[in-house]
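The values are calculated or read from the model by the stated rules, or taken from the named source; none is laboratory data. Just so you know, these numbers come straight off a predicted model, no measurement behind them. As a convention, Cβ positions derive from the backbone with ideal geometry for all residues, glycine included, and neighbour counts pool all protein chains shown.
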């Protein structure tokens with residue numbers, strides 16, 4: 001009697017064949033260099049950008065905004081160059097998303113000045129009257145907690161030393177609180193007076209917004 005006349009044996013053998021096929025075609029490629037391209041132009045998030053990314057996830061921004069531009073003409077015309085695999089090398093987790101209640105953000109970095117983002121976070125409807133995005137002005141009233149920033153970057157494998165993380169935080173704080181900061185006036189409008197000399201959660205999420213897609217733009221400009 002052949003295997004076809006033994007339903008239990010046939011089911012077990014079929015399951016094993018499917019399992020082996022799945023491992024070979026799905027899981028093995030995940031660990032091959034060819035499926036994990038890297039680029040010297042794509043840098044890990046700084047400590048401030050990572051804090052902003054955590055706030056972005058905490059507030060559920062990825063529920064309404066995707067971060068992947070598909071290679072379709074209409075998408076490229078609207079959002080910019082389609083997404084490349086290597087630009088997500090440091091994303092843990094990926095925030096590709098599946099819904100576009102709001103526009104895709106994968107190429108938003110550098111598209112607008114910081115002042116635009118401060119205004120938009122404070123009141124989306126002041127920038128786009130029909131926007132259904134809720135206001136996030138209260139983020140400017142929250143002092144940014146950087147007490148575990150080094151632990152985060154270390155756990156994520158960014159390779160920064162503790163001193164480098166402290167320097168990143170200090171440099172960004174100096175930038176946004178400097179009198180010559182080009183978005184100083186707008187930042188002061190949305191930030192309570194007592195926090196204008198400190199880093200806020202809004203500062204961090206603006207830093208994250210300005211990171212998105214900028215490395216890939218630099219990579220493409222030099223090719």
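Which of (1) at positive phi; (2) touching a residue at least 12 places away in the same chain (Cβ under 8 Å) is the odd one out, the single condition residue 60 does not satisfy?
(2)
For the subset of segment 144-158 comprising residues that are loosely packed, with under 11 Cβ neighbours inside 10 Å and modelled with pLDDT of 95 or more, which member is farthest from residue 89 (Cα to Cα)?
First, the residues of segment 144-158 that are loosely packed, with under 11 Cβ neighbours inside 10 Å: 147, 155, 157.
Cutting the leftovers down to modelled with pLDDT of 95 or more gives us 147, 155.
Details: 147: 25, 155: 15 Å.
Filtering first and then ranking leaves 147.
Hand me the list of helices (runs of 4 or more DSSP H) wholly inside segment 1-111 holding 1 or more residues that are under 13 Å from the mean Cα position of the chain (by Cα). Spell out how you get there, then give the answer.
Details: elements: 7-22, 47-58, 73-79.
Where helices (runs of 4 or more DSSP H) fall fully within segment 1-111 and carry at least 1 residues being under 13 Å from the mean Cα position of the chain (by Cα), they are 47-58.
Which of (1) modelled with pLDDT of 95 or more; (2) under 14 Å from residue 53 (Cβ atoms) is the odd one out, the single condition residue 213 does not satisfy?
The single condition residue 213 does not satisfy is (1).
Quick check on segment 63-76. Is at least one of its residues under 21 Å from residue 188 (Cβ atoms) and crowded, with 19+ Cβ neighbours inside 10 Å? Step through it out loud before you land on a result.
Within segment 63-76, the subset under 21 Å from residue 188 (Cβ atoms) is none.
No, there is no match, as no residue in segment 63-76 is under 21 Å from residue 188 (Cβ atoms) and crowded, with 19+ Cβ neighbours inside 10 Å.
I'm checking my understanding of the structure. Among residues of segment 110-126 that are at pLDDT below 95 and within 17 Å of residue 78 (Cβ to Cβ), which one is surrounded by the fewest Cβ atoms within 10 Å (Cβ to Cβ)?
Taking segment 110-126 as the starting set, the residues that turn out to be at pLDDT below 95 are 110-111, 126.
Pick out the ones that are also within 17 Å of residue 78 (Cβ to Cβ) and you get 110-111.
On the way: 110: 14, 111: 17.
Restricting to residues being at pLDDT below 95 and within 17 Å of residue 78 (Cβ to Cβ), the top hit is 110.
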